[in-house]
1. For the subset of segment 113-123 comprising residues that are in contact (Cβ under 8 Å) with a residue 24 or more places away in the chain and away from the ligand (no atom under 16 Å from the Cβ), which member is nearest to ILE273 (Cα to Cα)?
2. Has segment 198-221 got at least one residue that is in contact with a Lys or Arg (Cβ under 7 Å, 6 or more places away or on another chain), of a type in the set (S, T, N, Q) and closer than 22 Å to SER81 by Cβ?
3. Cβ-Cβ distance below 7 Å, separation of 6 or more or different chains: which pairs start in segment 202-230 with a residue that is assigned by TED's automatic domain parsing to the domain that holds THR246 and under 13 Å from GLY176 (Cβ atoms) and end on one that is modelled with pLDDT of 95 or more and among the hydroxyl-bearing types (Ser, Thr, Tyr)?
4. Considering only residues that are of a type outside the set (A, V, I, L, M) and more than 10 Å from the ligand (Cβ to nearest atom), look in segment 156-172 and name the one that is surrounded by the most Cβ atoms within 10 Å (Cβ to Cβ).
5. Return the residue satisfying two criteria in turn: it lies in segment 1-31 and is among the charged types (D, E, K, R) and part of a loop (DSSP other than H, G, I, E, B), and of such residues it is modelled with the lowest pLDDT.
6. For segment 40-70, which residues satisfy the criterion of being surrounded by 14 or more Cβ atoms within 10 Å (Cβ to Cβ) and more than 20 Å from ALA90 (Cα to Cα)?
7. Looking at segment 142-153, can you tell me whether even one residue there is buried (at least 24 other Cβ atoms within 10 Å of the Cβ) and under 15 Å from the mean Cα position of the chain (by Cα)?
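The values are calculated or read from the model by the stated rules, or taken from the named source; none is laboratory data. In this text the structure is predicted, and so the values were computed from the model without any measurement. Cβ atoms come from the backbone with ideal geometry, glycine included; neighbour counts cover every protein chain shown.
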Amino acid sequence: MPTATDPAPPRDGVLRLGIVGIGKIARDQHVPAILANRRFALIGTADPHGSLAGVAAFPDLAAMLAAVPDLDAVAVCTPPSYRAEIATAAIDAGLAVLLEKPTAATLVEAEAIVAHAAAAGTTLMATWHSREAAAVAEARAWIAERNVVAVEIVWKEDIRRWHPGQEWILAEDGLGVFDPGINALSILTFILPDPVRIETARIAIPEGRGAPIAATLAMAAGDIRITADFDFLQTGQQSWDMRIDTDRGSLFLSDGGATIAIDGEAPRKSENIEYRSIYARFADLVAAGESEVDLSPLRLVEDALRIADRTTVAPFTF
Ligand code: NAP
């Protein structure tokens, strides 16, 4: 297994990878990105019910580890509440670990995973797929040459359309509307030069649920004023938008960072490359014996939940 002192990828550079959690995101994005990358061989899945045609299936990580002792890495695509236990077991087994966002259900759990990986000398990649969206790097470079004055985030999607039946997402450790909202926060913390802080937060939690269905945040980064409006009940037009006003023009990111418009010019949309970028870098990190972790988006969510004014709203059913 690759370690900090032995960073060479095994078996001619092909990493034997297992996926833990074969749900929506694993099927939609991870599997195609893995199959398109010659540096990975997908050799197992661990999920209580799900499986992939042609890939050895196990009910959980322990069963996969027992049956496939020469695994090199796992991608953890479960809901966040299971991440800490799974990541810890994978690190103990000497595997490189790729974590879907959010890194864990809580900051404390995420920090424990990071410390455990560091102590073991194991590669840990805590991914934020929205940071890999096609226009985000261009936005970051454009912002770096200007002084940002204000940022307005509008992240509104239909929970029933994008997360059908995912009861876990409205449990306390599912993060509710912050599950998509943290994607906006991951872009924000990546493109702004200064650390972001929460100033005020308002959240609406459906009666009988543990996590918000809507949230409004006021944030700041240095002198930059930032607002965010997150809604999980948006029907019709969906919005994953961010407007950045600077001393020399404005930039509009939409489609979750895939589309960019500068100073009112025609929007430019590019192909979705998020997960291909993630797996290319994961292979590089394993080869170099390095890790990549930034917990700042999760920290903002926890800060918002801690200080938020809470209201209880009508019960929600899928
Ligand atoms: P999902 O469809 O509910 O899939 C999660 C899968 O993990 C389910 O098959 C679940 O099985 C399985 N699972 C639960 N506990 C497990 C365990 N201990 N070991 C192995 N497998 C386990 O959820 P999802 O939409 O894919 O989301 C998963 C994560 O990806 C979330 O953190 C989310 O934020 C992130 N993500 C989702 C999207 C998206 O569009 N959906 C986009 C980007 C990132 P059971 O159903 O039997 O419990």
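1. If we take residues in segment 113-123 being in contact (Cβ under 8 Å) with a residue 24 or more places away in the chain and away from the ligand (no atom under 16 Å from the Cβ), then THR123 is nearest to ILE273 (Cα to Cα).
2. No, the conditions are met nowhere in segment 198-221.
3. Note: pairs meeting the criteria are ALA204/THR311; ILE205/THR312.
4. The residue in question is LYS156.
5. In this case the residue turns out to be ARG11.
6. Once the filter is applied, which keeps residues that are surrounded by 14 or more Cβ atoms within 10 Å (Cβ to Cβ) and more than 20 Å from ALA90 (Cα to Cα), segment 40-70 yields only LEU52.
7. The answer is no; no qualifying residue exists.
Residues checked against (1) at pLDDT 95 or above; (2) over 20 Å from the mean Cα position of the chain (by Cα); (3) of a type in the set (D, E, K, R); (4) closer than 28 Å to PRO164 by Cα:
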{"position": "ASP179", "(1), (2), (3), (4)": "yes, no, yes, yes"}
{"position": "ARG197", "(1), (2), (3), (4)": "yes, no, yes, no"}
{"position": "ARG202", "(1), (2), (3), (4)": "yes, yes, yes, yes"}
{"position": "PRO212", "(1), (2), (3), (4)": "yes, no, no, yes"}
{"position": "ALA215", "(1), (2), (3), (4)": "yes, no, no, yes"}
{"position": "THR235", "(1), (2), (3), (4)": "yes, yes, no, yes"}
{"position": "ILE244", "(1), (2), (3), (4)": "yes, yes, no, no"}
{"position": "ASP247", "(1), (2), (3), (4)": "yes, yes, yes, no"}
{"position": "LEU251", "(1), (2), (3), (4)": "yes, yes, no, no"}
